[in-house]
Amino acid sequence: MNRQSLERQIVLAANRLETKTAELNSRGVAAGAHRADPAWRSLNASHRQLKARLRRIGEIEQLDADLKARKAGGASEGEDAADEE
């Protein structure tokens, strides 16, 4: 899954969660009692899962960038060693 589609899904999930939270608040449900509502729990879980996936994608992108940097560094070190001989 690419970053753009995941970010779009996070925005949609956050909007759904905010809508449900506003609905619960309008019914007079205390903020701490939102967890008792199964629909709110489901929306909150979906939002948290998407955020965790996005964090993992960021970690993978960082690993890829580090790997490319090491490969580029290794190629230039190999050229330097050949020049010294």
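Any read-out appearing in this document is the output of simple, stated calculations on the displayed coordinates, not a laboratory observation. Because the structure is a prediction, the values reported are computed rather than measured. Methodologically, a virtual Cβ is constructed for each residue, glycine included, from the backbone with ideal geometry; neighbour enumeration extends over all protein chains shown.
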Legend entry - On Cα atoms only, tilt of 38-84 relative to the major axis of the chain in degrees: 10 degrees
Inset, instruction - Mind checking which of 24, 9, 62 is farthest towards the positive end of the chain's charge dipole, using Cβ charges of +1 (Lys, Arg) and -1 (Asp, Glu) about the Cα centre? - result: 24
Inset, instruction - Give me the angle, in degrees from 0 to 90, between the Cα long axis of helix 3-26 and the longest principal axis of the Cα atoms of the chain, rounded to the nearest 10. - result: 20 degrees
Legend entry - Cα-projected label distance for residue 18 with residue 75, points at 7 Å along beta-carbon direction, nm: 4.5 nm
Legend entry - Cα centre as origin, Lys/Arg/Asp/Glu Cβ charges: the chain dipole, Debye: 1320 debye
Legend entry - Rg/Rg_ref, the chain, where Rg_ref = 2.2 N^0.38 Å and atoms are Cα: 1.92
Legend entry - Chain lengthening between residue 66 and residue 31 when straightened (0.36 nm per residue, less Cα-Cα): 8.3 nm
Inset, instruction - Mark the label point 7 Å from the Cα of residue 53 along Cα→Cβ and return the residues of segment 1-27 whose backbone N is within less than 19 Å of it. - result: 1-18
